[in-house]
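A.B. asks: Can you read through this structure? Questions will come right after.
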C-alpha cells in the first residue's frame, strides 16, 4: 500500500470518476461544451463530498489541449503539470490560513497578469468563508469583473457566512451528501485494488459512519485495514471502530419502545464500559428510528434512509407496532440529547437521562401501544404496561374504531384533574400589600411542584412591591430571575397559581428593581451562610449549613 492516504491516492481526476454529484458534473460539462464558462463559481456543501476535487478537474479540463468537453485527457503537458502541482497558473490556497486582506490584495494584484503557460489562470479558494470582512470587500470588484483569462472558484462548507454580495456574483453549486450505497460500492472497488478483503455489509457500515463524506469513509477504510485482519467483515469493522453491535442497537430501540428502563440502563452501561462511542450509539438509534418512520410512510423510500440490508424485518415491526408521531417524538428528543452530549463531560449520564426520560414518558409518546411487536405488554414489577399507569394522559394519536353491527357504548372515563389541584393550601390574604408580604413564602412554595427552577427564582430573588386587590406587581432583584419567570410557560403557571389564591380577576405584573450588590460588597455582618439564597437551597434539598472557621 502506498504511503499516501487512500483518499489522496484515489482522488478522482476525471468527471466520470466523481461519485454522487452527477447533477453538478453534467452542468459543468455542458457549460464547457457550449462555451458558457462562468468567471466565478461557488461550490458549497458538506465536507468530503468533492468540492475541491471538482474544482481541480474543472481547472484541468478548461486548460486541456485535447479538450472534448467531457473529461481532461491527462496526457497533455497542461494536464500533467496541473496533476503534479507544478502549473504556475493554477493557484490554490486555504483561506483559513491566508484570509487576511493583505494576502487577498496580493492575489488581486497578480490577477491582472496574463497566464504564464496555460490558457486560463484558475484561483481555487478553499474554506472561503474564513476570509475576513475586509478581504471580502477587497475581492468584491475583482470577483465581479475579473480578466477574461481568469476563473475564480470558491469552495466552502458554510455558504451562509459569505456576504450576499459575494454569493450573488458567483455561479453556485450545492453538493449533497453522497448516498451510503454509492459510497459502499466505491469502498469495495478501492479495497479490491488494494487487496483488502472487505465484504458488502462491512463496506456499508463504513459508509454509514462516513455520514455522506467519501473522504471520511476512505479514511475509516484505511484505519480498519491497518489492523492487518485478513477478512474485514461487519463484526470486525464494528469492533475496530469501537461501535456497538447492531443487535445492541435493535435491543435498545425495542427497550425504548416498551419502556424497559432496566434494559436501557444496562445497554448504555455496557456500551460505556466496553469503550464504545456513546455519541455513535445514540446516532445509530436515531437512524433505526428514522428508517422505521420512513418504512411506515412508504417502504419504497427506504433506500434514502440508508438502513443496513438486514434491518427490514425490524423496521417492519417498528412501523406496525407504533404510531408515526411517537417515532417523530423519539427522534427529536434523541437528537437534542446528542447535542447535549457534545457539550457535557459526562455523556453517559446525559444519554441515560434522555433515554430513561423517553421511556418514562412512553404513554404520551406512543399512545396505547404497550409492546414492541405484539400488544401483550412488557412485564415490569409484576404488572404489564397497559395495566400499570392509571394516571390520565393526553393521547397523541387518534384511533379510528372498527365498524361493527352494534355500536359499543363508550366506556366511562374519570374527569381529569386540573394540574393546579395539587397546589397546597395557602393562608387567606388580606387586601393590602402587608398581607401579601406576610404570605409570600407560602405563595412561592405553592409553585414548587411545577418546577424547582421557577420556585427558586421566586423564593430567593422576588418580593411583592404593590397590591391593591386588583393588581399585583412582583419585583425581582436579578434580571436573570425575571427572565426565567417571564418565559411563556413559567408565566402561565405563576399567574394561574396566584389567581387561584388571590382571585381570578387579579392582574399580575413583573418588573425589575435595583439589583442586589455582589456578596463581597454587602455589609460585613451578612455572611454567605446567612444569605437568603443559601437558606432557600438548604430548604430545597433538606441540607444543613457548614461554615468554615
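Derivation of every value follows stated rules applied to the coordinates shown; laboratory data play no part. This is a predicted model, so every value here is computed, not measured. Because the Cβ atoms are built from the backbone with ideal geometry, glycine has one as well, and the counts that use them run over all protein chains shown.
A.B. asks: Sort the following peptides by mean Cβ neighbour count (other Cβ atoms within 10 Å, averaged over residues), highest first: 95-108, 499-512, 324-337. Each step should come with its number before you reach the end.
C.D. replies: Details: 95-108: 16.0, 499-512: 13.9, 324-337: 17.7.
So the peptides 95-108, 499-512, 324-337, ranked by packing, come out 324-337, 95-108, 499-512.
A.B. asks: Starting from the Kirkwood radius over alpha-carbon pairs of segment 180-240, derive D by Stokes-Einstein at 4 °C in a medium of 1.567 mPa s and give it in µm² s⁻¹.
C.D. replies: Approximately 119 µm²/s, per Stokes-Einstein.
A.B. asks: Here's another thing I want to ask about it. Taking other Cβ within 10 Å of each residue's Cβ, how do 58, 356, 88 sort, fewest first?
C.D. replies: So the residues, fewest neighbours to most, are 88, 356, 58.
A.B. asks: From the Cα trace of segment 6-174, what convex hull volume per residue do you get, rounded to a whole Å³?
C.D. replies: Taking the convex hull of the Cα positions in segment 6-174, it is 110 Å³ per residue.
A.B. asks: With a point put 7 Å past each Cα toward its Cβ, work out how far residue 158 is from residue 231 in nm, to one decimal.
C.D. replies: My value for the distance between the label points is 4.7 nm.
A.B. asks: What number results when the radius of gyration of segment 423-516, computed over Cα atoms, is divided by 2.2 N^0.38 Å?
C.D. replies: Taking the Cα Rg and dividing by 2.2 N^0.38 Å, one obtains 0.97.
A.B. asks: Per residue, how big is the convex hull around the C-alpha atoms of segment 221-345? Give it to me in cubic angstrom, could you?
C.D. replies: Working: hull volume 15.5 nm³, N = 125.
Once divided by residue count, the hull of segment 221-345 is 124 Å³.
A.B. asks: Another question, then. Given 0.36 nm per residue, what is the gain on full extension from residue 339 to residue 34 after removing their alpha carbon distance, in nm?
C.D. replies: Taking 0.36 nm per residue and subtracting the Cα distance, the gain is 105.1 nm.
A.B. asks: In nm, what is the difference between 0.36 nm times the number of residues separating residue 200 and residue 83 and their Cα-Cα distance? Let's see the in-between values first.
C.D. replies: Numbers: separation 117, 0.36 × 117 = 42.12 nm, distance 3.24 nm.
Extra length available between residue 200 and residue 83 comes to 38.9 nm.
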